[in-house]
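The values are calculated or read from the model by the stated rules, or taken from the named source; none is laboratory data. Here the structure is a predicted model, which means the values were calculated and not measured. Glycine gets a Cβ as well: all are built from the backbone with ideal geometry, and neighbour counts include every protein chain shown.
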Amino acid sequence: MRTIYVKALIVKKNGSFLMIRNRKGEWDVPTAITDKKKSHVTVKEAVKKDCGLLVDVIKPVRLATLVKDGKQAFAIIFLCNIKSGTIKLSKDYVASKWVMPEKEEEDYIEVGK
């Protein structure tokens, strides 16, 4: 059985998203290991545990494969909005920041001209 991670891409109205830094200095979004049948619930629980926020899970936006500890794993990334709360990091994390995604030139290609 391969490991399945769920990740919460928490996005504010201005388009920025939340990143949290663990004690090793690695930046990531709130993440948990899940059973595929409970992935929406697990995302909400991970966000609450990692950073103290209550979120609404909007939809899955990406499926990725990765290698973790020498084994193949999958990650399901869910788009989330803040429902309530303020950021209160768990003891596993030392910092948080809101990041604006970088726009690549290809993001602005006009269609139909």
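Summary table below
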| quantity | calculated |
| --- | --- |
| Residue, surrounded by the most Cβ atoms within 10 Å (Cβ to Cβ), within segment 69-95, restricted to residues that are assigned to a loop (DSSP other than H, G, I, E, B) and among the β-branched types (Val, Ile, Thr) | 87 |
| Residues of segment 51-68 that turn out to be outside any strand (DSSP E or B) and loosely packed, with under 13 Cβ neighbours inside 10 Å, as a count | 0 |
| Of residues in segment 37-81 being of a type in the set (S, T, N, Q) and out of contact with any Phe, Trp or Tyr (no Cβ under 9 Å at 6 or more places or on another chain), the one modelled with the lowest pLDDT | 42 |
| Of residues in segment 14-36 being farther than 19 Å from residue 95 by Cβ and assigned to a strand (DSSP E or B), the one modelled with the lowest pLDDT | 33 |
